[in-house]
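J.: Have a look at the structure that comes next, please.
The values are calculated or read from the model by the stated rules, or taken from the named source; none is laboratory data. Everything numeric in this text was worked out from a predicted model, so none of it was measured. As a convention, Cβ positions derive from the backbone with ideal geometry for all residues, glycine included, and neighbour counts pool all protein chains shown. Ligands, DNA and RNA are excluded from the accessible area calculation, which covers all protein heavy atoms including side chains. Shrake-Rupley method; radii C 1.70, N 1.55, O 1.52, S 1.80 Å.
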Amino acid sequence: MTILVTGSTGMVSSEVLRELAGKTRVRALVRNSSRAPRIDGVEYVEGDLDRPSTLGPAFDGVTTLWLLTPMGPLAPA
């Protein structure tokens, strides 16, 4: 089982990563890996949800998705 976590550089998803690290296989989807918080036990993969062609490696073998969506005027309706 691999869990993919989106929004990995933000406050909420960073805490999700810390909680899951070492307990299960966890992968963090990041737009820019240089901004990602380095947490032992987390695999980091670059990709962008707005660019589907970048997501293949991120979703490979994933069985569970933590999808954090934006709030406010940019939130999907």
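J.: Test L29 against the stated conditions and say whether it is within 15 Å of V12 (Cα to Cα), hydrophobic (A, V, I, L, M, F, W, C) and touching a residue at least 24 places away in the same chain (Cβ under 8 Å).
T.: yes
J.: What's the total number of residues in region 1-13 that are farther than 12 Å from L65 by Cβ, open to solvent by less than 40 Å² (accessible area, probe 1.4 Å) and either part of a helix (DSSP H, G or I) or among the polar types (S, T, N, Q) (or both)?
T.: 1
J.: Another one. Applying the selection to region 14-54, what residues are open to solvent by less than 80 Å² (accessible area, probe 1.4 Å), farther than 15 Å from T2 by Cα and either part of a loop (DSSP other than H, G, I, E, B) or touching a Cys at 6+ places or on another chain (Cβ under 7 Å) (or both)?
T.: Hits for region 14-54 are N32, A36, P37, I39, G47.
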